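Structure first, then comments.
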Amino acid sequence: MKKIIAALALSAALISCNQSGTSTALKTAYIDTSKLMEESTEAKDIEAKYKAKAEEMGAELKAEAAKFEAEAASFKKNAMANGQAWAQQKGAELQQREQQLQYAQQGMMQQLQGESGTEMDSLVKKYKKMFKDFGKEKGYDYLLGTGEAATVLYAKDSYDVTKDVIKLVNDKYKSEGKKEEKPAVKAEEKK
């Protein structure tokens with residue numbers, strides 16, 4: 001096994017020596033995609049939009065859940081007084097309502113995840129096109145991505161162009177006039 005590894009290493013070294021005299025230097029940079037998504041104004045706006053939507057939809061469910069809890073507490077108090085038949089019937093009704101609340105919550109979560117996922121997928125596609133344009137404009141041979149799905153094992157910090165790309169995507173987003181102001185407006189309305 002050690003002989004195979006040594007032979008592969010020797011072969012790689014010979015190949016790289018043969019190519020080093022003929023190859024030209026490649027201009028390479030990387031983008032920390034996780035940091036990009038954390039600091040992108042558009043990604044933050046999408047996140048805030050769906051957080052506000054979840055709070056709004058969640059408030060409706062909380063009201064229903066509170067109503068259900070009040071009925072459940074009342075059921076416990078009245079179960080002995082109203083008899084077993086009443087308790088069985090009311091208990092079945094409460095179980096059905098609890099199940100309906102769970103289904104409504106699951107449905108809401110799926111809807112929000114689907115909508116936000118679709119919007120974030122569009123954003124990723126948009127950014128991929130911007131990466132390509134950025135790479136061509138700056139004369140890079142390679143732009144690599146790091147982050148959750150890292151494709152770089154090592155890179156010099158001088159190759160990190162994440163800040164430049166964040167500025168590019170935020171400036172482009174601002175110039176399109178799409179900065180979401182709704183969360184700030186809602187905070188002012190609550191005062």
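The values are calculated or read from the model by the stated rules, or taken from the named source; none is laboratory data. Keep in mind it's a predicted model, so treat the numbers as computed, not measured. Note: accessible area is taken over every heavy atom of the protein model, side chains too, but ligands, DNA and RNA are not part of it. Shrake-Rupley method; radii C 1.70, N 1.55, O 1.52, S 1.80 Å.
Here are the numbers for the structure shown:
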item	result
Residue in segment 94-116 that is open to solvent by less than 90 Å² (accessible area, probe 1.4 Å), farther than 30 Å from Glu69 by Cα and not basic (Lys, Arg) present	yes
Residue under evaluation Thr24, criteria (1) of a type in the set (Val, Ile, Thr); (2) modelled with pLDDT of 90 or more; (3) outside any helix (DSSP H, G or I), criterion not met	(2)
So Ser34, is it assigned to a helix (DSSP H, G or I), within 30 Å of Leu143 (Cα to Cα) and open to solvent by less than 90 Å² (accessible area, probe 1.4 Å)	yes
Given (1) open to solvent by less than 80 Å² (accessible area, probe 1.4 Å); (2) in a helix (DSSP H, G or I); (3) at pLDDT below 90, number of the condition Ser122 does not satisfy	(3)
Of all residues making up segment 130-171, the number that are assigned to a helix (DSSP H, G or I), within 14 Å of Ala29 (Cα to Cα) and open to solvent by 80 Å² or more (accessible area, probe 1.4 Å)	9
